[in-house]
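Engineer: Right, I'll just put the structure down here and ask away after.
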Number of protein chains: 4
Amino acid sequence: MGKKTDAYDAELEQLQLAVVKTQAWTIEHGLRVVIVLEGRDTAGKDGAIKRLTEYMSPRQTRVVALPKPSDRETSQWYFQRYVPHLPAAGETVIFNRSWYNRAGVEPVMGYCTPEQYAQFLTDAPRFERMLTDDGIILIKLWLDISRKEQAKRLKERRVDPLKRFKLSSLDAEAEARFDAYSDARDRMLDETDRAFAPWTIIATDDKKTARLNLIRHILKVLDHCGEEIAAPDPDIVLDSDKAKGRLAR
Amino acid sequence: MGKKTDAYDAELEQLQLAVVKTQAWTIEHGLRVVIVLEGRDTAGKDGAIKRLTEYMSPRQTRVVALPKPSDRETSQWYFQRYVPHLPAAGETVIFNRSWYNRAGVEPVMGYCTPEQYAQFLTDAPRFERMLTDDGIILIKLWLDISRKEQAKRLKERRVDPLKRFKLSSLDAEAEARFDAYSDARDRMLDETDRAFAPWTIIATDDKKTARLNLIRHILKVLDHCGEEIAAPDPDIVLDSDKAKGRLAR
Amino acid sequence: MGKKTDAYDAELEQLQLAVVKTQAWTIEHGLRVVIVLEGRDTAGKDGAIKRLTEYMSPRQTRVVALPKPSDRETSQWYFQRYVPHLPAAGETVIFNRSWYNRAGVEPVMGYCTPEQYAQFLTDAPRFERMLTDDGIILIKLWLDISRKEQAKRLKERRVDPLKRFKLSSLDAEAEARFDAYSDARDRMLDETDRAFAPWTIIATDDKKTARLNLIRHILKVLDHCGEEIAAPDPDIVLDSDKAKGRLAR
Amino acid sequence: MGKKTDAYDAELEQLQLAVVKTQAWTIEHGLRVVIVLEGRDTAGKDGAIKRLTEYMSPRQTRVVALPKPSDRETSQWYFQRYVPHLPAAGETVIFNRSWYNRAGVEPVMGYCTPEQYAQFLTDAPRFERMLTDDGIILIKLWLDISRKEQAKRLKERRVDPLKRFKLSSLDAEAEARFDAYSDARDRMLDETDRAFAPWTIIATDDKKTARLNLIRHILKVLDHCGEEIAAPDPDIVLDSDKAKGRLAR
């Protein structure tokens, strides 16, 4: 275990260094990057973001995790509360859950109407098309965790007092509605995976491997690490088409 | 003159009363209304807005006249700075100039590239389609003023010390580039007049008549004044198709 | 009547012109002006602001009329929701009701505790002292209306359909608690009238005269109209000390 | 080293657990906490915040590190840009550098006038008095690093490519003007250490020990960890008076 941890630490540090170099380049060229991170509860979004951003520039990096919408926001245009967080020149914005709430937790839990759900699946590609036409680099990641691993992590979370603020009233639903979440994920991938805004799937049952591959994938998309970086493992990072039949259910 | 003024005042007051009733209804039903007011300098946007909003609910009505974008805003998604102003349930938002700057002053004055201009003409209908699909009522008005009347009003403005803060360094350009502005207007109407977001033209050389007709048109679209209101004069308020050949140049 | 109206219109226009010149000067010198307008319901705050600001620079003038605080705001530092509206260089901000809610409607209606009320009366001068030490020009105006005139205006408001959005559930209380409001006003004047942030009282039973005098007073404080302007009428505009015994009750 | 690290990790985790329990209590009771973290470059502010907040509730915790003020902000009331970040009920806000910029980097680097500096030293206690009178719990911490340790850390920073975004053009000045920064610190402590808003000094040459003691101190002030927690080491955490003669210079 010790050895494996050491190798992971070394590899992670090498990748973080490449992230720093790449971000220096995106800042210099005024590029705008949006990273959308989606996945079931416990899929490892927070942990991946922590490693990804550890050495990034605080001034040019924002992690956006919006709270539940207010009553006023609920009555506004659905995308309205996300838009103010989009990046200016040189900025990288990471959405820890995003507008895709309306293709996941909202329809599964009944927080939106079927009409709103259908409308969202029509609107998301339109919205993203405008952003990418405007030159924003959009990276959409689905962190895929198996039913068994999720059950294990939820159990750990319940008994770990340090994770008190990670607990949510929805945790039990994550397990009880695992299949409904799988169906929602499939429909989301079917309808919103487009050439200009593709989904990439990252198998995340092994946390550390997932984190390394997630960073490798982002570096590959941005394509400017200026170093020899191992390509993401094609068994762990898949495009949406190849992922069919291999996603957790 | 006195008599005409009295008749105008009486008619205006009747229409303002209908506006109050209609807004009470839009508030009660949680409707969201966006009114986009465009037109050359001196076309009468400020004056029309003043009469329209005089008795409207201050809490549910917003007039949005954005200043020049900051450097940071200039580097963001073009629509980003407009989106936070879109209405919540029950609200009416009036844009005194709007995103259509990029189909008017910006291309005419060279403040955007031809590519940005073309992209905007593609994006505006996409953007508006998402808003109207979301249930927002969108009313787009072009106030059309003739070359002669504009010249007269600009001249008055220059000598009236009360209008000091209305003067702009662009006033001279409004006249010098009258034809370029006409061309931009025609292209805007050609490319962004859609069934879900039509343009309505209001001839505005006669200010008072224009104001009455503008309010009548808005009432007609919202269709709930609950009173006998004269229809807008079809020689003054035209849809985009019928306006062809009759627009100022 | 007609004649009187004509004289008022002429005088008002002359004063508005002086306001325009004075604001051009405050903008040029980067001065910051805060005008606090307080007074009972129907005292004429909206109408006075409308005339004062009619020709002011839209970009450098803001009228701030905050809605009821949200639950979140209620739990914050009392002044927190007012601070973001304070002026930058060259700006004039007019508060249509202000932090002094906590010395008027809140204690009278029981919306704050006696401790919060007492704390506010201690804090308001501290807060204003910091603003004026910072160079902000602070003008605090109390529009004083008599019981009889208020009753008359409230009655008119109830029957005028154009004033539908002016009606408030608190209107009845304004009359029923007239004495409590008088007491609150007196205590406010006693405890928050300071050399660095004095209160000026404007008798407002005659609306038009009140408006003219209010503008004259502001011009006198800013002292740069660059013209012969009649001084405010000392029977209508009084400093807090002289007003004692003459305030409405 | 390994052993020491293990002991540190265990102790840190115990303290973080106490932080979680204490925050659950501050949330439940709607308390508002402001932690001001000041200190020279490399004194360890970022690292301490990272450990302090690691398991805190993301929704009720904010770390505020404001960028350089914009031109507009520079012309506003000095405290204006800090006020919107103050906590609502249940929230903990950590200022990573704060309004005390005007008692440190600004006078040392000549970014403010001597008059502004003097005014700030008068205003800071007034401002903080209003906050604490309002019930906000204010904890002000000065992280004190020696000249020698700072030199060592700045040197490391310059050669570590992972710390690229930590480098600042002011780093060289931090060393060159070490004495001026010491004088500014002394004056700040003299004039702004008040009973209602005391300064606590934390010796920070040993990073890990400093972090543990910083958390212990915060827990002691909040006084609700519900566990046996060792008191902060009185040689490392000092009140402002006792610190005299022991501060780095």
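Engineer: Among the residues of the range C:14-56, write down those that are open to solvent by 50 Å² or more (accessible area, probe 1.4 Å) and either within 10 Å of another protein chain (Cβ to nearest Cβ) or farther than 22 Å from C:Leu131 by Cβ (or both).
Structural biologist: C:Gln14, C:Lys21, C:Asp46, C:Lys50, C:Arg51, C:Glu54, C:Tyr55
Engineer: Can you tell me which residue in the range D:94-114 is most open to solvent (accessible area, probe 1.4 Å), limited to those that are in a helix (DSSP H, G or I) and closer than 20 Å to C:Arg126 by Cβ?
Structural biologist: Here is the first cut: in the range D:94-114, the ones in a helix (DSSP H, G or I) are D:99-103, D:105-109, D:114.
Keeping just the survivors that are closer than 20 Å to C:Arg126 by Cβ gives D:99-100, D:102-103.
Details: D:Trp99: 0, D:Tyr100: 3, D:Arg102: 33, D:Ala103: 2 Å².
Only one residue fits best here, namely D:Arg102.
Engineer: Here is a follow-up. Farther than 28 Å from A:Gly90 by Cβ, buried (at least 16 other Cβ atoms within 10 Å of the Cβ), within 14 Å of chain D (Cβ to nearest Cβ) and of a type outside the set (S, T, N, Q): is that true of A:Phe120 in this structure?
Structural biologist: Judged against the criteria, A:Phe120 is not a match.
Engineer: Can we say A:Arg147 is closer than 24 Å to A:Arg187 by Cβ, open to solvent by 50 Å² or more (accessible area, probe 1.4 Å) and within 14 Å of another protein chain (Cβ to nearest Cβ)?
Structural biologist: no
Engineer: Select from the range C:186-215 the residues that are of a type outside the set (A, V, I, L, M), touching a helix residue (DSSP H, G or I) at 6+ places or on another chain (Cβ under 8 Å) and open to solvent by 20 Å² or more (accessible area, probe 1.4 Å) and list them in ascending order.
Structural biologist: C:Arg187, C:Glu191, C:Asp193, C:Arg194, C:Phe196, C:Pro198, C:Asp205, C:Lys207, C:Lys208, C:Arg211
Engineer: Can you tell me which condition D:Val83 does not meet? The list is (1) free of Cβ contacts under 8 Å to residues at least 24 places away in the same chain; (2) of a type in the set (A, V, I, L, M); (3) away from every other protein chain (no Cβ under 11 Å), and all the others hold.
Structural biologist: Single failed check for D:Val83: (3).
Engineer: Tell me yes or no: at least one residue of the range B:155-176 is touching a His at 6+ places or on another chain (Cβ under 9 Å) and either modelled with pLDDT of 95 or more or acidic (Asp, Glu) (or both).
Structural biologist: No, the conditions are met nowhere in the range B:155-176.
Engineer: Same structure again: Could you list, in sequence order, all residues of the range A:188-231 that are assigned to a strand (DSSP E or B) and farther than 22 Å from A:Gln150 by Cβ? Please lay out each step first, then the result.
Structural biologist: Residues of the range A:188-231 assigned to a strand (DSSP E or B): A:194, A:197, A:199-203.
Selection gives A:Arg194, A:Ala197.
Engineer: For residues in the range D:178-220 being among the acidic types (Asp, Glu) and out of contact with any strand residue (DSSP E or B) (no Cβ under 9 Å at 6 or more places or on another chain), which is nearest to D:Ile236 (Cα to Cα)? Can you show your working first?
Structural biologist: We begin by selecting, within the range D:178-220, every residue among the acidic types (Asp, Glu); these are D:179, D:183, D:186, D:190-191, D:193, D:205-206.
Filter once more, so that each one left must be out of contact with any strand residue (DSSP E or B) (no Cβ under 9 Å at 6 or more places or on another chain): D:179, D:183, D:186, D:190-191, D:206.
On the way: D:Asp179: 22, D:Asp183: 21, D:Asp186: 18, D:Asp190: 20, D:Glu191: 22, D:Asp206: 10 Å.
So the residue we want is D:Asp206.
Engineer: Report whether or not C:Arg126 is assigned to a helix (DSSP H, G or I), buried (at least 20 other Cβ atoms within 10 Å of the Cβ), of a type outside the set (S, T, N, Q) and within 14 Å of chain D (Cβ to nearest Cβ).
Structural biologist: Taking the combined requirement at face value, the residue does not satisfy it.
Engineer: If you scan the range C:131-144, which residues turn out to be buried (at least 21 other Cβ atoms within 10 Å of the Cβ) and not in a strand (DSSP E or B)?
Structural biologist: Scanning the range C:131-144 gives a single hit, C:Leu131.
Engineer: Would you tally the residues in the range A:57-80 being at the interface with chain B (Cβ under 9 Å from one of its Cβ atoms) and either under 18 Å from B:Gln80 (Cα atoms) or touching a residue at least 60 places away in the same chain (Cβ under 8 Å) (or both)?
Structural biologist: 6
Engineer: Looking at this structure, is D:Ala88 surrounded by fewer than 19 Cβ atoms within 10 Å (Cβ to Cβ), out of contact with any Leu (no Cβ under 9 Å at 6 or more places or on another chain), of a type in the set (A, V, I, L, M, F, W, C) and under 30 Å from D:Arg147 (Cα atoms)?
Structural biologist: So D:Ala88 fails the test.
Engineer: What is the one condition in (1) open to solvent by less than 60 Å² (accessible area, probe 1.4 Å); (2) within 27 Å of D:Thr122 (Cα to Cα) that D:Asp183 does not satisfy?
Structural biologist: (1)
Engineer: Just a yes or no: is a residue in the range C:42-59 part of a loop (DSSP other than H, G, I, E, B), over 20 Å from C:Ala203 (Cβ atoms) and of a type in the set (Asp, Glu)?
Structural biologist: yes
Engineer: Might you check whether a residue that is part of a helix (DSSP H, G or I) and either within 14 Å of chain D (Cβ to nearest Cβ) or surrounded by 18 or more Cβ atoms within 10 Å (Cβ to Cβ) (or both) occurs anywhere in the range C:155-165?
Structural biologist: No, because not a single residue in the range C:155-165 is part of a helix (DSSP H, G or I) and either within 14 Å of chain D (Cβ to nearest Cβ) or surrounded by 18 or more Cβ atoms within 10 Å (Cβ to Cβ) (or both).
Engineer: Related question: Go through D:Ala88, D:Ala65 for me and flag whichever is under 26 Å from D:Gln23 (Cα atoms) and more than 15 Å from the chain's Cα centre (by Cα).
Structural biologist: Within the list D:Ala88, D:Ala65, the selection yields D:Ala88.
The values are calculated or read from the model by the stated rules, or taken from the named source; none is laboratory data. From a predicted model like this one, the values you see are computed outputs, not experimental measurements. Cβ coordinates were reconstructed from backbone atoms using ideal geometry, including for glycine residues, and neighbour counts include every protein chain displayed. Just the protein is used for accessible areas: all its heavy atoms, side chains included, with ligands, DNA and RNA removed. Shrake-Rupley method; radii C 1.70, N 1.55, O 1.52, S 1.80 Å.
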